[in-house]
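The values are calculated or read from the model by the stated rules, or taken from the named source; none is laboratory data. Quick caveat, the model's predicted, so the values are computed rather than measured. Cβ coordinates were reconstructed from backbone atoms using ideal geometry, including for glycine residues, and neighbour counts include every protein chain displayed. These accessible areas exclude ligands, DNA and RNA; they are computed on the full protein's heavy atoms, side chains included. Shrake-Rupley method; radii C 1.70, N 1.55, O 1.52, S 1.80 Å.
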Amino acid sequence: MSLKIVSFFVLPCFIAETAYKVWWYASGASQIPFLGIVWLSDTVACVMELCSWLYRTTVFFLVCVLFRLICNLQVLRLHDFAKVFNVDSDVGSVLREHLRIRRQLRIISHRYRAFIVWCLILVTFSQFTSLLITTKSNSRLNIYKAGELALCSITLLTGLCILLRSATKITHKAQSVTSLASKWHVCATLDSFDEGETPRTPAIHDQQVLPHVGANGESEGDDPGEEDDELDNCKLIPAHAYSTISYHKRQALVTYFEKNQGGITVYGIALDRSTLHTIFGIELSFVLWILGKTIGIS
């Protein structure tokens, strides 16, 4: 699957790069016969440039796709971890498993944080430089001259999107554990009753707490979304999953999850959706500033 993703992005760009380079050399852009014959020199130079471009692009996409694969494996591990809230598990075992997951995510963040930061810096400065060059008043560009610039931009932006999307996905799933633990704690607390108080039947209890929830724990009249899974769903926790765990242990576990949500971090900054919104706002501000300096957009 990972190789298919790499091929899906690399092959179309390589075909376009090949067509552009063949046109560029065929139009006489290079007249340096370092092999004595012009057409042979251009052929060798074109092949070497294409091989260099293919190698650099493939390595870049392989690193991005490898990061995506690692994040997807951790998502599957979080889905397995979410099943502990549907069985009568010990708080200590739940805590130890979550600590192992947090350790894995911390190792992944430590190994990829420099790559993510430098990729973001490279993409930002290259795109802003390209925008400044193409929008200044004395620039003379056409679709042929700007072809390589467009291919480079597509490659870098696609790789960056793969990185950020994978990081935000695993961070969102890791933070969803807190919501799941809170729901588990709430269901256990609502099902408990004081000594001497008559317990309520499950049907009346469900109707009073969640009036729009059906018998299977899902909202009536709403289609289940594609994101519904073990971590993100609207199902109630079965009573046998917390029958032997005290209130204080559940509260301590929920507090721990609230303070240690985990996810992919870059030097202490969690790569979640709010961080993406911040990055988008900063990038948009720079774009509008450059356009205001070049073509007068205010």
Checked against (1) over 21 Å from His79 (Cβ atoms); (2) of a type outside the set (Phe, Trp, Tyr); (3) under 11 Å from the mean Cα position of the chain (by Cα), Cys152 satisfies every condition except (3)
Name the single residue, out of those in the stretch 73-94 being assigned to a helix (DSSP H, G or I) and of a type in the set (D, E, K, R), that is farthest from Lys249 (Cα to Cα). Arg77
With the condition kept exactly as written, say whether any residue in the stretch 248-261 is modelled with pLDDT of 80 or more, closer than 19 Å to Cys119 by Cβ and either within 32 Å of the chain's Cα centre (by Cα) or assigned to a helix (DSSP H, G or I) (or both). no
Tell me which residues, restricted to the stretch 141-175, are of a type in the set (Gly, Ala, Ser) and modelled with pLDDT of 85 or more. Gly159, Ser166, Ala167, Ala174
Within the stretch 51-91, residues being open to solvent by 20 Å² or more (accessible area, probe 1.4 Å), closer than 21 Å to Ser153 by Cα and hydroxyl-bearing (Ser, Thr, Tyr) number 3
Scanning the stretch 13-47 for residues that are surrounded by fewer than 14 Cβ atoms within 10 Å (Cβ to Cβ) and either among the acidic types (Asp, Glu) or in a helix (DSSP H, G or I) (or both), the one modelled with the lowest pLDDT turns out to be Trp39
Just a yes or no: is a residue in the stretch 127-140 under 28 Å from Glu17 (Cβ atoms), modelled with pLDDT under 85 and touching an Asp or Glu at 6+ places or on another chain (Cβ under 6 Å)? no
Residues within the stretch 245-298 that are touching a residue at least 60 places away in the same chain (Cβ under 8 Å), open to solvent by 90 Å² or more (accessible area, probe 1.4 Å) and within 24 Å of Leu190 (Cα to Cα), tallied: 2
